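Note sheet for the following structure.
The values are calculated or read from the model by the stated rules, or taken from the named source; none is laboratory data. Quantities reported herein were computed from a predicted structural model and do not represent experimental measurements. Neighbour counts run over all protein chains shown; Cβ positions are idealised from the backbone, glycine included. We work out accessible area using only protein heavy atoms, side chains counted, and drop any ligands, DNA or RNA first. Shrake-Rupley method; radii C 1.70, N 1.55, O 1.52, S 1.80 Å.
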Amino acid sequence: MKTIEITELRSERLILIPYTVTLCENFLNNNFNDLDILKLKRGEGWPDADVLETLPRIINNLSRVEGPTGFESWMIIKKIQERLLVILVLKVLMRKPIAVT
């Protein structure tokens with residue numbers, strides 16, 4: 001499957017960023033420098049236990065493909081008063097893609 005070239009999607013209120021193996025590994029190691037590079041600030045209590053439990057699964061799913069295809073997990077960031085707060089992770093387990101005709 002083809003990998004996506006999108007590094008982020010932006011709307012008026014949200015930013016979506018596909019997880020990568022590097023991002024996940026860094027977050028698991030309490031390394032949040034990638035957020036600084038992306039000009040994002042961590043929300044209070046992020047990453048929580050659910051996110052930390054999910055990151056290894058995301059890494060596992062990403063290891064099956066050459067890179068993000070759009071069918072894996074995305075970080076969803078809500079813009080609040082010009083501060084960006086990472087608020088949740090979209091939990092998408094690797095599934096067989098459905099062909100659309």
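Observations on the model:
- Segment 15-27 residues that are more than 12 Å from G70 (Cβ to Cβ) and modelled with pLDDT under 90, paired with ones that are assigned to a helix (DSSP H, G or I) and polar (S, T, N, Q) (beta carbon under 7 Å, 6 or more apart): none
- T3 open to solvent by 60 Å² or more (accessible area, probe 1.4 Å), of a type in the set (V, I, T) and at pLDDT below 90: no
- Residue that is most open to solvent (accessible area, probe 1.4 Å), among those in segment 38-50 that are among the aliphatic types (A, V, I, L, M) and over 15 Å from T22 (Cα atoms): A49
- Selection from segment 51-70 of residues that are within 18 Å of T7 (Cα to Cα), open to solvent by 20 Å² or more (accessible area, probe 1.4 Å) and under 14 Å from the mean Cα position of the chain (by Cα): I59, P68, G70
- Selection count where residues are closer than 26 Å to K39 by Cβ, assigned to a loop (DSSP other than H, G, I, E, B) and not β-branched (V, I, T), scope segment 59-78: 5
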